[in-house]
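One structure below.
The values are calculated or read from the model by the stated rules, or taken from the named source; none is laboratory data. Here the structure is a predicted model, which is why all the values come from computation and not from measurement. Note that we place each Cβ from the backbone using ideal geometry, even for glycine, and neighbour counts take in every protein chain shown. These area figures cover heavy atoms from the full protein model, side chains too; ligands, DNA and RNA do not enter into them. Shrake-Rupley method; radii C 1.70, N 1.55, O 1.52, S 1.80 Å.
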Amino acid sequence: MSSIADIKLNRVDLALARHDPIQLSDNLQLTLNSYNELTIVEPRFPSYHNAINKNRHRTVLNTKEIFSTGTILYSEAVSNLPVGRFKDVVFKNADEFYNITAQDPIIVEHRWTSISHRTRDSWLGVLFNTGELLVLGRENHNQSYNYKVKINVFEALVKLYQIPYYEGRWYVSAEEFKRLRLKYFVFHGNELVVVDLSNRITIFDSSMTVVKQIDFAKEIAKLSWENDTLLIIGKDNSLSLVGNDIREIYSPQRGQFQKVKIIQYKDKTLIIAVFMSKVVIFENDNVFEYDTETWYTCTSIVTGKGQSLSIVLAYEDATILTLLFDGNNISKISNDLSWSLLTEKALNQFQISSEDATTEGSIILHGIQPITDKILGVVYKVLPKNALHFRIPSELSVNLAFIQLESSMGLLKEPVINTSIARLACFYLENFPTIPVVIDDLTMSQLDKIDVFIPSLHVFVSEVLQPRELPKPTIKGDLQQDLIDHFVQNNDVVENQFKHCLATLLLAALGNFKTSDNGMIGSLYKQVKHFHTTLEESLRRYIVELLIQINQGKHGKNEVDRFSLIAQGLQLGLKLNDDKVILKVGMNFVEEFIIDSQDDSTTISNNMITSTSGYSWTTCDLTRIPIVDRKTKIDELGSFKYLYGEQNAPIVDTLRHVIDYCYISGNRIYTGQF
C-alpha cells in the first residue's frame, strides 16, 4: 500500500474563488493568495533518505522533502513595494468622479508568466486593490522567497499617457486617472494584457512597448487569453471574442459567471465556461449546455484529452462533477475513485483530531491544479459541519494533497521544458513506490537488508541514469537559433540534464559508501559516479562541439570570444587553429590570463585557471572566462558558477543570453557571491 502525505500550510486563509487564489507555474510553483499574504509551495532538491518512508506494509512519500514552503509577500513586504502611488495623483480639472482609493493594499489577483526558455524561470504578476500591477521575480541565490520588482506597470502607463509630474505628484484628468488604474490582467506568452477602469485593453510586449489597444463598450469583469484566443468576460456575464473585431458569442445572463478554460482539442479551439448551475462549451459556432444542478461556486476546471474530452469541475462544497464531451453531447460520468478516497481520509482525520469525536466535518475545496497527467494537487480545508467557526490567524490553515488518479483521463497538461528539480518532483510523485530506499547502517546485523537494497539499487541506477546519445546537429549558421534548436529545446539534452540532477541526488545519498569494505556496495557508488561524470562530460562536449561547428571558418577578432572558444576546446582536448590570446579580466581588480590553443600546458583543471601573477581563479562553467569579480551567478544546487554582466563579446554574450540557466543540471541560476 502506498500514499502521498499532505502538506499543511499554516496561517493561510485563501481569498474567494472569484479572485483565482491558487496559481501554478510551469516549474510547479504553487502560490496561494490570502489577500494579505502570498504563500508559495515549490519543488526543492530533496533528501534521498527522508523523502520516502517504507516498511513491509506501507510506503509513504514525505512531500515536505519534495516541496519547500514560504511566504513571498506579507504586510511588511508589501509596505516596502512601490504601491500606493494614487495617493500622489491629483486631478487637474474639476471633472473628478466619485472615487474611493484603497489605503491599505491587498492582493486581489496574481498570475505566473509562461516559463522563459532562456532562464527556465517564471515571473509573478501581482495586482493590488489600489489598481497597481507589479511583476516580480527572484534574483538572489540565497534568498528563495525574496522577490524583486521587475516591472512596475504604473510607471509604464504614466510614460505611455505622458502624465505630467511635478514636485512628487502626478496631475491627471478623470479620463487619464481611469487609464492608469487597473482592474485585471493576464499573461500570454511574452505579452502582458491589462484592463483599466475605462475598459480599455492594453497589450504590452516583453519590453513594455504597446502592441495593441482595444476599447470595449461594456464593463469588463475578466479576461482569458489561451491558445491564441482572447476572451472578454463582461460584468453582465456575457462572453465576447476578440479578433479583427469584437464578436459577442454569449449574451448577458442572470447566472453568475464563475470559471473559464480555453483548450485546443483535435485541431479545434474549445471554450469551456462555467456559470452558476450550468456549464457551456463553445466549439466554433456550436454551443452545448449542461445543467450542473449545483448553486455552489466552481473553483477549478481540469480537462483530460483522450478519445473524448473529460472535464472535471470542482466546487467549494467539495462536489466533484466529471463530464464527458464527445463533440456532440455533454454527459455525466462517475468520478474517479481517488476523490472518494480523499474525502473519506480528510473527514476521518478531522474527526480523529477533534476534541469531540462526534463532531462531523465539512470540506471546503479551494481548488485543483494538475501536476502531471496522473497527479492532481488539491487545496482544501475541513471545518465543523453546521456550526459557526472562528479561528485566530495563527490557527488558520489549509491542506495541500496530491492525489493519484486511479484511471487515466488522458493529457492533463501540455508538455513544457522546465527545471530538473521540477521534473524530479514529478518523478517522485509518480514513481515513489518503486524507488529503492538506502540504509546507512552497513554493519553485519544489517546484511539481510543490504543484500536486498543493493541489487535493487543497481537495477534502478542502470534504468534511470543511462545517458541518452546526443546526435550531431545540422546547423544553420545562426548562433542564437542553433543554440535554441539544438540545445535549449533539445529533448535529449533536457533528459540528460535531469539524469545528471538525479545522479547528484544519488551520490549525496551514497556518500557513506565510498570507503565501504563491501565490494558490492563500493561498485554501486562507482557506478553512480561514472554515470554522473559521463552525463556532465557529454553535455560539456556537446555544447563545445556545437559552438565550434557554428563558428567554423569564422575568424573572430574579439579577444573574449577567442579566449572562450580556445579554453573550452582545450579542456576537452579539441585544438583550434588560433594563436594564443592575452585577456585582462576584472573591474576593480584586474588580472591577466594567457591561453594558447597549441600549448597543452595552458589547460584548465578543476574549473580553475592561473593568471600571469600566479593566482588561481574559478572559471565560468559555460564560457570558461575567469571570474575575477566576486559577483557571479550560481545554480540552485550551488555546484556551478557563471559570469555576471555583459562582456561586450558577440559569442560569449549570445551564449549567456540564450542559455541563462545551468546547462549541465538544467536548473535556474541566480546572483550570488563565492
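Things to note:
- Counting the residues of the range 362-403 that are open to solvent by 20 Å² or more (accessible area, probe 1.4 Å) and touching a Pro at 6+ places or on another chain (Cβ under 8 Å) gives 2.
- Of the residues screened, ILE664 is not one that is closer than 19 Å to TYR147 by Cβ, among the hydrophobic types (A, V, I, L, M, F, W, C) and not assigned by the TED database to the domain that holds VAL544.
- Just one residue in the set PHE204, PHE185 is in contact (Cβ under 8 Å) with a residue 40 or more places away in the chain, under 23 Å from GLU248 (Cβ atoms) and within 25 Å of the chain's Cα centre (by Cα); that residue is PHE185.
- Of all residues making up the range 203-229, the number that are farther than 17 Å from SER240 by Cβ and surrounded by 17 or more Cβ atoms within 10 Å (Cβ to Cβ): 1
- Residue in the range 167-176 that is surrounded by 18 or more Cβ atoms within 10 Å (Cβ to Cβ), outside any helix (DSSP H, G or I) and among the hydrophobic types (A, V, I, L, M, F, W, C) present: yes
- Given (1) over 13 Å from VAL89 (Cβ atoms); (2) at pLDDT 95 or above; (3) open to solvent by less than 60 Å² (accessible area, probe 1.4 Å), index of the condition HIS141 fails: (2)
- Considering residues of the range 58-76 that are open to solvent by 30 Å² or more (accessible area, probe 1.4 Å) and more than 24 Å from GLU109 (Cα to Cα) only, the residue farthest from the chain's Cα centre (by Cα): ARG58
- Residue in the range 126-144 that is under 22 Å from HIS657 (Cβ atoms) and polar (S, T, N, Q) present: yes
- Selection within the range 332-361 - among the hydroxyl-bearing types (Ser, Thr, Tyr) and open to solvent by less than 50 Å² (accessible area, probe 1.4 Å): SER338, SER354, THR359
- Output for the range 546-591, where each listed residue is open to solvent by less than 60 Å² (accessible area, probe 1.4 Å), free of Cβ contacts under 8 Å to residues at least 40 places away in the same chain and among the acidic types (Asp, Glu): ASP578, GLU591
- Members of the range 13-22 that are outside any helix (DSSP H, G or I), on the phi < 0 side of the Ramachandran plot and under 21 Å from the mean Cα position of the chain (by Cα): LEU14, PRO21, ILE22
- Answer residue from the range 607-644, given it is assigned to a loop (DSSP other than H, G, I, E, B) and in contact with an Asp or Glu (Cβ under 8 Å, 6 or more places away or on another chain) and is surrounded by the fewest Cβ atoms within 10 Å (Cβ to Cβ) among those: SER613
- Set side by side, the residues ASP6, ASP26, ASP95, ASP88 differ, and just one is closer than 20 Å to THR299 by Cβ and touching a residue at least 12 places away in the same chain (Cβ under 8 Å), which is ASP6.
- Of the helices (runs of 4 or more DSSP H) that lie entirely inside the range 460-574, those containing 1 or more residues that are in the same structural domain as ALA649 (by the TED database), in contact with a strand residue (DSSP E or B) (Cβ under 8 Å, 6 or more places away or on another chain) and under 22 Å from THR618 (Cα atoms) span 559-571.
- Selection of first residues in the range 270-298 that are among the β-branched types (Val, Ile, Thr) and of second residues that are in a strand (DSSP E or B) and surrounded by fewer than 15 Cβ atoms within 10 Å (Cβ to Cβ), restricted to Cβ pairs under 6 Å at least 6 apart or on distinct chains, gives the following pairs, ordered by first then second residue: VAL280/GLU289.
- Strands (runs of 3 or more DSSP E) completely within the range 247-302 that count 2 or more residues being out of contact with any helix residue (DSSP H, G or I) (no Cβ under 7 Å at 6 or more places or on another chain), of a type in the set (A, V, I, L, M) and closer than 26 Å to LEU24 by Cα: 257-265, 268-275, 278-283
- Looking only at residues in the range 77-133 that are part of a loop (DSSP other than H, G, I, E, B) and of a type in the set (D, E, K, R), the one that is surrounded by the fewest Cβ atoms within 10 Å (Cβ to Cβ) is ASP95.
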